[in-house]
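What follows is a single structure, written as structure tokens, with notes after it.
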Amino acid sequence: MIVLRLEVFGFRCWRDSVAVEFHPEQINILHGPNGSGKSTLLWALARALLDTHRAGGRAVEELRPWGAGLAPTIVVEFEHGGRRYRLRKGFLENRHAGLEEYKDGRFLALAEYEKAEDAVREMLLAERAPRELAAPERWGLARALWCPQDHLAIDALDERVLGAVGQVLGQTGLDEYASRLKRQVEEAYLAYWTPTGRAKGGKDAPKWVQSKKILAGRRQDLRQAQMTLEEFHRAQKKARELEAARAAAEQRLDHARRRVEELEEKLAAWRQASAQAKALEAQWQARRQEAAGLLNRVEQLNKLRERLGQLEARIREIDAELPAKQAARQKLETAVASLRRELEALQADEERLASRDMLLTKAENYARYRAEREELERLLGCAAELSNRLREAQETLQTLGAPDDSTLTQIEKLAAEQTQLEIRLEGALLHVELQPRESRRVEVIRGDPPGPLEVAAGASLRIRGSPVVELDLEGFGRLVVSGPAEGAAELKAKLGELADRLASLKAPYGAAGLDELRRRREQRLHLEAGIAHTRRELDALLAAADRAALQDRRRSLGTELDTRQAELTELGQDCARLAAEREALAAERRQAETQIKELESNGLSDADRADRARAAAVEAIGFEERYRRELATLQALGPDPAPDLDRTRLDRQAAEQEFQSAGQDYHHHLGVLANLSAQAPYETLVHLEEEIERLSAEIESDRRRAEALKRLHDEIAACEALAGRALVEPVAQRASKLLARIAGDHLRSVRLGDGLSPESVLPRDAGTEAALEALSAGEREQVHFAVRLALAELLTRDAGERHLVALDDVLVVTDDGRLGRVLELLEELRPYAQLVILTCHPDRYGSLPRAHFIDAASLSRPR
């Protein structure tokens, strides 16, 4: 078969219609980059020629273009046996198959559907395609001549292809008489056996199998006849026994009836007492629970009201204290602002005084000025330096944000309590530790850390949580660990409340931790000491100057400003703390008021609840006393008589059935005797024994014929297998010669299996064969290519019939030197076969003298 033209529409990556024409005489090089659709075109050719248009399933659905709902359509024009054909094939919603022949300048319809497909497959010696897509193993000649990507190795060839190879090698098949005999033996064999050698069953079962079933039935009838005769003798004896048994059953029935009446009376009395006791017990429990609930509600109300009074008293205290502190804070803010303005005015006065001093100094005696100038300049320099140091220290102190001793003490106390609560909470949580022997996947459904986790072998994973830790362990299942939840919840609530208080105290100082606050406090003390020291130095330096009074006032104002600033800071913290405390108390008060409303929702007063609780308790005591008296009465009646009554009723029922059965059996067996006598059991036994003997003889005869046919069939199959093995050596010798031309004499020979697939090679310097896996990747692909090329030569050049030989990237790891020798072999095969090579590297085939290059990336729509 020579392919002239291939047109594809809606097939995998080819969404639009695309056509490619192949040269029948030259070597066709279909080239393009990865993903350009080269291999898809070869698979489209195989799907058209070898698959049924009725194929279905997921694999056929995947023939559609990605993301489209198109139905694949393929058209192939080809030559075979000197005639030109065109095959149209559609899949899925466009299912059809039509074969046309070119005559008188146009294509004429030749066959449709299965007949068209069978005609094309017969040209390729291929098996009829199944309802799914045909695998390469069912491609016939195409299995040997076409090599899709990653299918270079030949696993095995089918019988028809092996027969074609045998004819080329001169191994004649069976003559007409032997073929007819084989067909007759096959037909006779299949009448008795399945193709796998098992006896046929069902409606097509052979005569000896069916007769065995009839024989089994006749033997069953014989045993039944023997049993009937024995039953006749037993029935005579049993009829006499049943007459006596009926009288005894009647006596037992009378006794059972009297016993049932006694137990029914006892059961009625027992049930009445039991129902009374259960009713009294229910009333007793209801009154006791009612009394307990009322008392518990009264107790809860008292506790909540007491707590509500405490909360309101504390809120009133805060409401009374907070306005005064806020007013004091505003007053201090005003005083601090006033002090700062006065200090700024003093600084201006100091500057004006310094200016006047300079004018007075100019008027003084020049000689005295020169004597004191250097000392004064030194003192002024020192004063300026000390002033700068003092200003820098004050600015650092203002921006430091350090707490005072009282605030720091409170923060340290709350931090210690928080640490203790965290330790207690850690102890209240559930802890699960996993140490798998092998790596496992663990999904934490409830616990910390959550989500899927990978645990390596020997590693340790700790999960904690409360009140439940739930895990999904790979290879084990779900693990749920539960424990007491109340303690952990209470500790979490306390820890949250303590964290809020601690955050409120630390809010004025940003996000600093306890150690940072301590460090700031130490730094503040150090700065304050440095400021005091610097001020003393500055005071001593300026003590003899005329501006002493001004400096004293300035120092006094600075000290007073620092004092007011510290008081303002402390007062602001107190106001923030009181506001936070009041908000928490108000929330707790609202919660207490809500709980009190819920407990008072029944509309009763406290006195009414207490009275009802006492009344319910008294009623519960009365019901308990009555219940115990009724329980004593019930115990005096003994255990529940219902089981005894049920057993006695069963005894009565059994006695009634026994009495009725004895009478029925007696009359029945009298009839059985008459029926058995009328059946003539002795004559029936003789007839069945004769029929069983006849059937046994027929079965044995037919079974021997089936065994003989099976032995003859197996012998013919063994002879055909032996003839098939005779093909292996000539093909192996030809493949070995081709491999030597490609790779040199490094590999001496190739050994093939019964299906002509390569199994091992014999290296030149080795005494034993080597498996293909021991070769390099390039050598393995060269061995498989040599076998395929040997088959291609046999089926084309030696057979005298041109066929398409398609190779899709078969020599990807072969070096350039050996590839050149491969191209020489392909050029030698070109006159006898149509060659189509699919490749990503067309430059590797540029040395071919007669090559037809087809660029897959530039294929256009057909005209």
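Name every residue in the range 655-698 that is over 30 Å from Val209 (Cα atoms), at pLDDT 75 or above, out of contact with any Lys or Arg (no Cβ under 8 Å at 6 or more places or on another chain) and open to solvent by less than 50 Å² (accessible area, probe 1.4 Å), in order of residue number.
Ser661, Gly671
State the number of residues belonging to the range 630-644 that are over 59 Å from the mean Cα position of the chain (by Cα) and either among the small types (Gly, Ala, Ser) or in a helix (DSSP H, G or I) (or both).
Going through the range 630-644 one residue at a time, the tally reaches 8.
Applying the selection to the range 455-475, what residues are in a loop (DSSP other than H, G, I, E, B) and exposed (fewer than 15 other Cβ atoms within 10 Å of the Cβ)? Working first, answer last.
Narrowing the range 455-475 to residues in a loop (DSSP other than H, G, I, E, B): 456-460, 466-467, 474-475.
The answer is Ala456, Ala457, Gly458, Ala459, Ser460, Gly475.
Considering only residues that are within 27 Å of Gln435 (Cβ to Cβ), open to solvent by 40 Å² or more (accessible area, probe 1.4 Å), at pLDDT 70 or above and not basic (Lys, Arg), which ones fall in the range 476-494?
Phe476, Leu479, Val480, Val481, Ser482
Taking the condition in a helix (DSSP H, G or I) and modelled with pLDDT under 80, does Ala576 pass?
Considered against the rule, which asks whether it is in a helix (DSSP H, G or I) and modelled with pLDDT under 80, Ala576 comes out as yes.
Can you confirm whether Ser760 is in contact with a helix residue (DSSP H, G or I) (Cβ under 9 Å, 6 or more places away or on another chain) and either farther than 16 Å from Glu793 by Cα or β-branched (Val, Ile, Thr) (or both)?
So Ser760 passes the test.
Are there strands (runs of 3 or more DSSP E) fully within the range 57-171 with at least 1 residues that are within 30 Å of Ala735 (Cα to Cα) and in contact with a helix residue (DSSP H, G or I) (Cβ under 6 Å, 6 or more places away or on another chain)? List them.
Numbers: elements: 73-80, 83-90, 96-103, 106-112.
Answer list for the range 57-171: 73-80.
Which residue, of Glu281, Glu264, is within 60 Å of the chain's Cα centre (by Cα), assigned to a helix (DSSP H, G or I) and of a type in the set (D, E, K, R)? Walk me through how you get there before you give the answer.
Numbers: Glu264 fails: within 60 Å of the chain's Cα centre (by Cα).
Just a single option satisfies the conditions, and that option is Glu281.
Table: residues versus (1) assigned to a strand (DSSP E or B); (2) surrounded by fewer than 20 Cβ atoms within 10 Å (Cβ to Cβ); (3) touching a strand residue (DSSP E or B) at 6+ places or on another chain (Cβ under 9 Å).
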position: Arg5; (1), (2), (3): yes, yes, yes
position: Ala19; (1), (2), (3): yes, yes, yes
position: Asn28; (1), (2), (3): yes, no, yes
position: Ser39; (1), (2), (3): no, no, yes
position: Leu45; (1), (2), (3): no, no, yes
position: Leu49; (1), (2), (3): no, no, yes
position: Thr52; (1), (2), (3): no, no, yes
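Of these, Glu112, Glu137, Glu122, which one is within 46 Å of the chain's Cα centre (by Cα) and surrounded by fewer than 19 Cβ atoms within 10 Å (Cβ to Cβ)? Write out each step before concluding.
Numbers: Glu112 fails: within 46 Å of the chain's Cα centre (by Cα); Glu122 fails: within 46 Å of the chain's Cα centre (by Cα).
The unique qualifying residue is Glu137.
Say whether the condition of being assigned to a helix (DSSP H, G or I), in contact with a Cys (Cβ under 9 Å, 6 or more places away or on another chain), in contact (Cβ under 8 Å) with a residue 12 or more places away in the chain and farther than 30 Å from Ala620 by Cα is met by at least one residue in the range 304-324.
We begin by selecting, within the range 304-324, every residue assigned to a helix (DSSP H, G or I); these are 304-324.
Checking the rest, the ones that are also in contact with a Cys (Cβ under 9 Å, 6 or more places away or on another chain) come to 322.
Then drop every residue that is not in contact (Cβ under 8 Å) with a residue 12 or more places away in the chain, which leaves 322.
Checking the rest, the ones that are also farther than 30 Å from Ala620 by Cα come to 322.
Yes, the range 304-324 contains at least one residue that is assigned to a helix (DSSP H, G or I), in contact with a Cys (Cβ under 9 Å, 6 or more places away or on another chain), in contact (Cβ under 8 Å) with a residue 12 or more places away in the chain and farther than 30 Å from Ala620 by Cα.
So, in the range 605-621, how many residues would count as being touching a helix residue (DSSP H, G or I) at 6+ places or on another chain (Cβ under 7 Å) and under 13 Å from Val298 (Cα atoms)? Before you say what the answer is, go through the steps one by one.
First pass over the range 605-621, keeping only residues touching a helix residue (DSSP H, G or I) at 6+ places or on another chain (Cβ under 7 Å): 606, 609-610, 612-613, 616-617, 619-620.
Filter once more, so that each one left must be under 13 Å from Val298 (Cα atoms): 606, 609-610, 612-613.
Total meeting the criteria: 5.
Output the number of residues of the range 267-297 satisfying the condition of being among the charged types (D, E, K, R), more than 15 Å from Ile621 (Cβ to Cβ) and crowded, with 17+ Cβ neighbours inside 10 Å.
As a first pass, look at the range 267-297 and keep what is among the charged types (D, E, K, R): 271, 278, 281, 287-288, 290, 297.
So of that shortlist, the ones also more than 15 Å from Ile621 (Cβ to Cβ) come out as 271, 278, 297.
Keeping just the survivors that are crowded, with 17+ Cβ neighbours inside 10 Å gives 297.
Going through the range 267-297 one residue at a time, the tally reaches 1.
Limited to the range 597-606, what total is found for residues that are among the aliphatic types (A, V, I, L, M) and modelled with pLDDT of 75 or more? Let's see the steps before the verdict.
Filtering the range 597-606 for residues among the aliphatic types (A, V, I, L, M) gives 599, 604.
If we keep only those that are modelled with pLDDT of 75 or more too, we end up with none.
Summing the residues that are among the aliphatic types (A, V, I, L, M) and modelled with pLDDT of 75 or more in the range 597-606 gives 0.
Would the range 600-619 turn up any residue that is loosely packed, with under 13 Cβ neighbours inside 10 Å and at positive phi?
yes
Criterion first (touching a helix residue (DSSP H, G or I) at 6+ places or on another chain (Cβ under 7 Å) and under 19 Å from Val812 (Cβ atoms)) does Ala856 satisfy it? It would help to see each step written out before you state the result.
Working: touching a helix residue (DSSP H, G or I) at 6+ places or on another chain (Cβ under 7 Å): yes; under 19 Å from Val812 (Cβ atoms): yes.
Yes, satisfied.
The rows are residues; the columns are (1) closer than 30 Å to Arg751 by Cβ; (2) modelled with pLDDT of 80 or more.
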position: Leu125; (1), (2): yes, yes
position: Glu132; (1), (2): no, yes
position: Pro136; (1), (2): yes, yes
position: Arg160; (1), (2): yes, no
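Identify, please: which residue in the range 298-312 is open to solvent by less than 70 Å² (accessible area, probe 1.4 Å) and either among the polar types (S, T, N, Q) or in contact with a helix residue (DSSP H, G or I) (Cβ under 9 Å, 6 or more places away or on another chain) (or both) and is, among those, nearest to Asp646 (Cα to Cα)?
By that ranking, first place goes to Val298.
The values are calculated or read from the model by the stated rules, or taken from the named source; none is laboratory data. Predicted model, so just to flag it, every value in this text is computed and none were measured. Please note: Cβ atoms are built from the backbone with ideal geometry, for glycine as well, and neighbour counts cover all protein chains shown. Remember, those area values only see protein heavy atoms, side chains included, never the ligands or the DNA or RNA. Shrake-Rupley method; radii C 1.70, N 1.55, O 1.52, S 1.80 Å.
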